[in-house]
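Before any comments, here is the structure.
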Amino acid sequence: MAVPAAFLALFSGLPADAAVPGAEAVPSAFAAYGHYLGLVLVTLALGTERILIKEDMTEKEFDLMANADILYGLAGTLMTYTGYLRVTQYGKGWEFYQHEPIFW
């Protein structure tokens, strides 16, 4: 029995395989959760800066703004590093992410 060409065409563009569970499951989870934590911390730091910024800031507000800025830098670094790990080692691979414009 011959399989119609249209039926075979449905399966020609399957997405890349997900990470295989096993020995790398725990590091993969840490990379994923670190990536999400970085995203949340970036949002928190930017929200804090948005609320604090005004013309007549007190010394305490300046210090809090500096701390929020430090958090923003550390969270951005965490997000970049864990994103790199997810692309190169624990995620779906570069082939998947290079064709997804939302990741750029």
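Points to keep in mind about this one:
- In this structure, A5 does satisfy being open to solvent by less than 90 Å² (accessible area, probe 1.4 Å) and modelled with pLDDT under 85.
- Of the residues making up the range 92-103, none is at pLDDT 90 or above, open to solvent by 50 Å² or more (accessible area, probe 1.4 Å) and either under 19 Å from V26 (Cα atoms) or not in a helix (DSSP H, G or I) (or both).
- Residues being of a type in the set (K, R) and open to solvent by 80 Å² or more (accessible area, probe 1.4 Å) are entirely absent from the range 75-87.
This table checks each residue for (1) among the aliphatic types (A, V, I, L, M); (2) closer than 11 Å to V42 by Cα; (3) in contact (Cβ under 8 Å) with a residue 60 or more places away in the chain.
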site	(1), (2), (3)
Y72	no, yes, no
Y81	no, no, no
L85	yes, no, no
P101	no, no, no
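- Filter result for the condition that a residue is more than 23 Å from Y84 (Cα to Cα), modelled with pLDDT of 90 or more and either touching a helix residue (DSSP H, G or I) at 6+ places or on another chain (Cβ under 6 Å) or assigned to a helix (DSSP H, G or I) (or both), over E55, E49: E49
- The range 73-104: number of residues that are of a type in the set (A, V, I, L, M, F, W, C), out of contact with any helix residue (DSSP H, G or I) (no Cβ under 7 Å at 6 or more places or on another chain) and more than 19 Å from G34 (Cβ to Cβ): 3
- The range 52-66, residues that are open to solvent by less than 100 Å² (accessible area, probe 1.4 Å) and not acidic (D, E): L52, M57, T58, L64, M65, A66
The values are calculated or read from the model by the stated rules, or taken from the named source; none is laboratory data. All values reported here derive from a predicted model rather than from experimental measurement. Counting neighbours? That spans all protein chains shown, and the Cβs are built from the backbone with ideal geometry, glycine included. To get the accessible areas, we keep the full protein, side chains included, count just its heavy atoms, and leave off ligands, DNA and RNA. Shrake-Rupley method; radii C 1.70, N 1.55, O 1.52, S 1.80 Å.
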